[in-house]
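The values are calculated or read from the model by the stated rules, or taken from the named source; none is laboratory data. Computed from a prediction, not measured in an experiment: that's the story for all the values here. So basically every Cβ, Gly included, is an ideal-geometry build from the backbone, and we count neighbours across all protein chains shown. Calculation scope for accessible area: heavy atoms of the full protein, side chains included, ligands and nucleic acids excluded. Shrake-Rupley method; radii C 1.70, N 1.55, O 1.52, S 1.80 Å.
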Amino acid sequence: MTNAPPSMTSVEKGGGSNMAEHAGGYDKHLERAAVRKLDLTVVPILTMFYLLSFLDRANIGNARVAGLQKQLGLTDHQYQICVTVLFVPYILAELPSNLLLQRIGPKLLMPTLLTIWGIMVTLQGLVTSFAGLVVVRALLGLLEGPMFPGIVLYLSGFYTRKELALRIALFFSAASLSGAFSGLLAAAIEKMDGVGGRPGWAWIFILEGLFTVVMGIIGFFVLPSTPRDSKFLTHEEKELIMERLERDRPYMKPVDSFSFKEVLRSLASPHVLMVFIIFFMIGTTLYGLALFLPSIVNQLGFSATKTQLLSVGPFAAGFFVSLIAAFWSDQYNSRGIPAALLSTLAIAGFAMYLRAKDKFTLYGALYLMVPGVYAPVPVITAWMANNSEPHYRRATSVALGFIATNSGGILSTWRYPTKEGPRFRNTTIMNLTFTVVVVVFSLLNMAYLSRRNKQKDLPGRREETLRKYEEHPEGDKDGLKAWVDLGDKHPDFRYTL
């Protein structure tokens, strides 16, 4: 946790009578009540947004099993192009949108993106050619790209650093749920084959896209841009939420204005670059499972309908493991150890998949692979957000993490050639290797951050770092200039391990 300088305590800055006795039982009760309201009003909305984001991105895998590739006459190469083309504009949109989120306002930007991409998903059900599918998928990627990094940045403006992993897990668990729901929905929807003259796979896109449009419209009315805009918090609760955020991050002030210098500082941070590598490795394995798990199960020898249903179990396991791991991570304020331990599940799963011969054992390995790949993501995402400050440096770092993740997604789409199924030996070896790298870099990043924290504690280091701000002609009485300029390099900032 960040330790704010004494000048930033609520008593000394005159934060209102209800703040002055923050240590008292009443205020602790009020704080818990206010946070609980955020959990019940903000997190469910974002969870639905991300569930639809991942569902609408990955349901092409279910549509493929339901006959999309065959009916449109796509080769395996063309199908992979349709999957890949989404990621290019998706990646290009992530950083600019994160830098613009605060200026445009989440209340306007997020629901607008959701509504328009719902229209794009619906249009996928109307395409009749390879070219049409490519165009719609590219537009879908451009609209969906801002959502995940945007939600992480948005949540960091509502919750303290120590609370972030569980809240990220609550909405990211929607990725696991979307995998489960996608199989169940596809199994039911493809029975509409022939209705309205459209094939079953088309109805998967049409119905899921229309539901996304409805949720986007609802979002305009229910999503607050900041805690102060919440319709569910009292005035007293709003002030308390903002006060606790300022104690956690003293640099959450108007003086934190956009500068390209913060973008460059993020790019030059070793801990950001190490997590970038981790995200690339996880992104490759995660998207491989998200997009191709139905095809993998189908090639094990199960029927199309049974494949859709069997795809549910591994994703459901990923959902529960993600929540448990994130809760543990927040409780102990630890990121690197949970990430490394969870990744060992995936290592065991990929190793098992390489050696097993029976199709039921191969299927069982998915119950280790999916949780081992999905569950570390909320923890590592919180890790990236925890250790980059102030706002625009954090916005850049979070966006970079997802640029890496989706770059891995591009690689994964070309690693599952049909002729290598169902074992996909070369791809499984790659996934196993990448997961080992995740463990190694998680531990390396922990060691680096621990060393940085110790360096800040060296005798005289704090005074030496802050001297130029204290000697500035205009002064820095409240310490804000030093916090905004130094961010996570401030001597009072403690990196989360």
Does any residue of segment 429-446 turn out to be over 24 Å from the mean Cα position of the chain (by Cα) and either closer than 30 Å to G301 by Cβ or in the same structural domain as M281 (by the TED database) (or both)? yes
Checked segment 244-290 for anything of a type in the set (K, R) and modelled with pLDDT of 95 or more; matches are none
When the residues of segment 211-240 are narrowed to those that are hydroxyl-bearing (S, T, Y) and in a loop (DSSP other than H, G, I, E, B), which ends up nearest to F158 (Cα to Cα)? T226
Taking first residues from segment 58-85 that are farther than 11 Å from L133 by Cα and of a type in the set (D, E, K, R) and second residues anywhere that are open to solvent by 30 Å² or more (accessible area, probe 1.4 Å) and assigned to a helix (DSSP H, G or I), the pairs with Cβ under 6 Å that are 6 or more apart or on different chains are D76/T418
Quick one: is A131 out of contact with any strand residue (DSSP E or B) (no Cβ under 6 Å at 6 or more places or on another chain), in a helix (DSSP H, G or I) and within 30 Å of A33 (Cα to Cα)? no
Here are L207, L233, L185, L240: which of them is more than 28 Å from A316 (Cα to Cα) and surrounded by fewer than 23 Cβ atoms within 10 Å (Cβ to Cβ)? L233
Being buried (at least 19 other Cβ atoms within 10 Å of the Cβ) and modelled with pLDDT of 90 or more is the filter; apply it to segment 21-42 and report the residue that is farthest from the chain's Cα centre (by Cα). A34
Which of the numbered conditions does K191 fail, given that it passes all the others? Conditions: (1) at pLDDT 90 or above; (2) assigned by the TED database to the domain that holds M120; (3) open to solvent by 50 Å² or more (accessible area, probe 1.4 Å). (1)
Does F87 fit the bill of being farther than 22 Å from L291 by Cα and crowded, with 19+ Cβ neighbours inside 10 Å? no
Does segment 105-115 hold any residues that are over 17 Å from F148 (Cβ atoms) and either in a helix (DSSP H, G or I) or at pLDDT 95 or above (or both), and which are they? K107, L108, T115
Please pick out the residue among G401, G460, G421, G408 that is on the phi > 0 side of the Ramachandran plot and not hydrophobic (A, V, I, L, M, F, W, C). G460
Show the residue pairs that are 6+ apart or on different chains and have beta-carbon atoms under 7 Å apart, the first residue being within segment 280-309 and at negative phi, the second being among the basic types (K, R) and in a helix (DSSP H, G or I). S295/R64; L300/K359
Looking at segment 116-125 only, could you name the residues that are open to solvent by 50 Å² or more (accessible area, probe 1.4 Å) and modelled with pLDDT of 95 or more? I116, I119
Go through the residues of segment 437-448 one by one and say whether even a single one is open to solvent by less than 10 Å² (accessible area, probe 1.4 Å) and touching a Leu at 6+ places or on another chain (Cβ under 8 Å). no
Can you say whether V370 is part of a helix (DSSP H, G or I), touching a Pro at 6+ places or on another chain (Cβ under 9 Å) and either over 21 Å from R57 (Cβ atoms) or open to solvent by less than 10 Å² (accessible area, probe 1.4 Å) (or both), as far as the supplied structure shows? yes
Exclusive hit being in contact (Cβ under 8 Å) with a residue 60 or more places away in the chain and over 30 Å from P338 (Cβ atoms), set T160, T212: T212
Residue check, R467 open to solvent by 60 Å² or more (accessible area, probe 1.4 Å), farther than 29 Å from T344 by Cα and not acidic (D, E): yes
With respect to the numbered conditions (1) within 17 Å of the chain's Cα centre (by Cα); (2) over 28 Å from L289 (Cα atoms), which one is the sole condition not fulfilled by W383? (2)
